[in-house]
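Engineer: I'd like to ask some things about the structure below.
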Amino acid sequence: MYLPALPVLGVEFGASPGHVQLSVATFFLGLAIGQGFYGPLSDRFGRRVFMITGGLAGGALAGFYLLAVQSKNLALVILLVVLVQGILFQMWNATFATFYQEHFPMRIRVTGFAVAQNIGLMVASFFPSIFTAIAPPGSTNVPLVIGLVITTVERLFRFFAPMLESFAPGLIGGLYRVLPGYHLANLGEWLTEGHVLVVPFPSGAFSMAPGTSLAIVAAWTIGLILLTFRLFRRQDIN
């Protein structure tokens, strides 16, 4: 949501590129300090209290951040970026990885978390475009509109989560068959150990022949190369 807007922020706030990038640097400084601070504290006092406090407080102040952007107050934007993203968000970010994995069965704990995390990041990458579509520049009540949309989506996911729980192992097994991560590990296991990589699932063990893994990895590689060239051509990048 923030990084795609960097070129516009300098124009809107009348700030130099160096001052705009300073807001990003302060965020990452708070991120680095926050993770090292809240991680040990969550080991001592539990993870739930930090996740709830960080999520609620950060969400409450997100509206003030949007108001600061709308009022073109660069100093307040930087302050709220440090407070919301660098401090409060890190209460969540430093603890959720461990807390979240404990909701998966032991056999698929790491894979389940990795798949869910990357799907979530993929969905989140569309948010800047979605927010711009529902609350374009110049529209009124931007914080209220975006806040209502985020709250509605969160409630829907919370409502449907128990229904989707029974499909999670099958979904992860299906992703194993098409995504390149397992197949790269399978090829490495076959080349170094002489046998395929067997992954246990509640429904039974999963494995795949090296030739099939090689074909899938090759297909992903070729597809990414073709997509990269197409994007370069569309943007007239030489």
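A short reminder: the numbers here are calculations on the coordinates, not readings from a lab. Just so you know, these numbers come straight off a predicted model, no measurement behind them. Cβ: placed from backbone, ideal geometry, glycine included. Neighbour counts: every protein chain shown.
Engineer: Ranked highest first by average number of other Cβ atoms within 10 Å, how do 211-220, 148-157 line up?
Structural biologist: On the way: 211-220: 15.0, 148-157: 11.6.
My ranking of the peptides, most packed first, is 211-220, 148-157.
Engineer: Gain in length, residue 219 to residue 132, computed as 0.36 nm per residue apart minus the alpha-carbon separation, to one decimal in nm?
Structural biologist: Here the answer is 27.9 nm.
Engineer: For helix 168-178, report the angle its Cα long axis makes with the longest principal axis of the Cα atoms of the chain; keep it between 0 and 90° and round to the nearest 10°.
Structural biologist: Rounded to the nearest ten degrees, it is 70.
Engineer: Could I ask something else about it? Report the residue, chosen from 147, 174, 86, that carries the largest GNM mean-square fluctuation when the chain is represented by alpha-carbon nodes joined by springs under 10 Å.
Structural biologist: Comparing 147, 174, 86 in the GNM, the peak value goes to 174.
Engineer: Out of residues 5 or more away from residue 206 or on other chains, whose amide H comes under 5 Å of its own, with H placed 1.01 Å from N in the peptide plane?
Structural biologist: Residues meeting the criterion, in which the H sits 1.01 Å from N, are 199, 201.
Engineer: In percent, how large is the relative contact order of the chain, given Cα pairs closer than 8 Å and 6 or more residues apart? Provide the component values of the computation, followed by the final result.
Structural biologist: Working: 171 pairs, mean separation 36.4, N = 238.
Here the relative contact order equals 15 percent.
Engineer: Oh, and also: Would you mind calculating the gained length between residue 192 and residue 33 on full extension (0.36 nm times residue separation, minus the Cα-Cα distance), in nm to one decimal? It would help to have the intermediate numbers written out before the result.
Structural biologist: Working: separation 159, 0.36 × 159 = 57.24 nm, distance 3.97 nm.
So the extension gain works out to 53.3 nm.
Engineer: Moving on to the next point. What length, rounded to one decimal in nm, is gained on full extension from residue 175 through to residue 16, with 0.36 nm per residue of separation minus their alpha-carbon distance?
Structural biologist: 52.8 nm
Engineer: Rounded to whole Hz and in sequence order, give me ³J(HN,Hα) for the stretch 41-46 from the Karplus expression 6.51 cos²θ - 1.76 cosθ + 1.60, θ = phi - 60°, writing x for Gly and Pro.
Structural biologist: Each residue of the stretch 41-46 in turn: 5, 5, 5, 7, 10, x Hz.
Engineer: Continuing with the same structure: Rounded, prolate or oblate: which one fits the chain, using the alpha carbon gyration tensor with axes a ≥ b ≥ c (rounded when a/c is under 1.5, else prolate when a/b beats b/c, else oblate)? Can you show the working numbers first?
Structural biologist: Values: a/c = 2.05, a/b = 1.49, b/c = 1.38.
Prolate.
Engineer: Output needed for the stretch 1-102: three equivalent-ellipsoid semi-axes, defined as square roots of 5 times the C-alpha gyration tensor eigenvalues, in descending order, whole Å. Walk me through the numbers on the way to the answer.
Structural biologist: Numbers: eigenvalues 166, 35, 20 Å².
Taking √(5λ) for each Cα gyration eigenvalue gives 29, 13, 10 Å.
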